[in-house]
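Chemist: My questions all concern the structure below.
The values are calculated or read from the model by the stated rules, or taken from the named source; none is laboratory data. Keep in mind it's a predicted model, so treat the numbers as computed, not measured. With ideal geometry, Cβ positions are generated from the backbone for all residues, glycine too; neighbour counts draw on all protein chains shown. Note: areas computed on protein heavy atoms with side chains; ligands, DNA, RNA excluded. Shrake-Rupley method; radii C 1.70, N 1.55, O 1.52, S 1.80 Å.
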Amino acid sequence: QVQLVESGGGLVQAGGSLRLSCAASGTTFSINPMAWYRQAPGNQRELVSRITSGGSTAYADSVKGRFTISRDNVKNTVYLQMNSLKPEDTAVYYCNTNIWGSPYWGKGTLVTVSS
């Protein structure tokens, strides 16, 4: 059974930093693509960043240059380093993977950026 557990969210002032973590279990983590999505109140869930099994990364335009995704295949964990946070980054952040076409999601971690 695949499980994704996010942590690291919280309240931070604008301009601050947070690092989110997502611990995966029940899957061969090293071969899975991983991604971070977010959903703000009243908005659809949107892709923030993704990383392939080989380490290639992609980012939404809104976070380029501020966020960095990385993975540790020994710890079965994917990270999202978020710097220069803005109030518009406030959202629930979800970890995601796709295995044989089936999506798996964590329960999310709340990030609140105050102005």
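Chemist: Which residue pairs have Cβ atoms under 6 Å apart, sit 6 or more places apart or on different chains, and have a first residue in segment 60-71 that is farther than 14 Å from Glu46 by Cα and a second that is aromatic (Phe, Trp, Tyr)?
Modeler: Ser70/Tyr79
Chemist: Which pairs do you get when a residue that is over 12 Å from Thr77 (Cα atoms), found in segment 13-34, comes within reach of a residue that is surrounded by 21 or more Cβ atoms within 10 Å (Cβ to Cβ) and not acidic (Asp, Glu), reach meaning Cβ atoms under 6 angstrom, with the pair 6+ apart or on two chains?
Modeler: Hits for this filter: Gly16/Leu85; Leu18/Met82.
Chemist: Out of the residues in segment 90-115 that are free of Cβ contacts under 8 Å to residues at least 60 places away in the same chain and not in a strand (DSSP E or B), which is most open to solvent (accessible area, probe 1.4 Å)?
Modeler: Trp100
Chemist: To continue, here is another question. Report the residue count in segment 74-89 for those that are not basic (Lys, Arg) and not in a strand (DSSP E or B).
Modeler: 8
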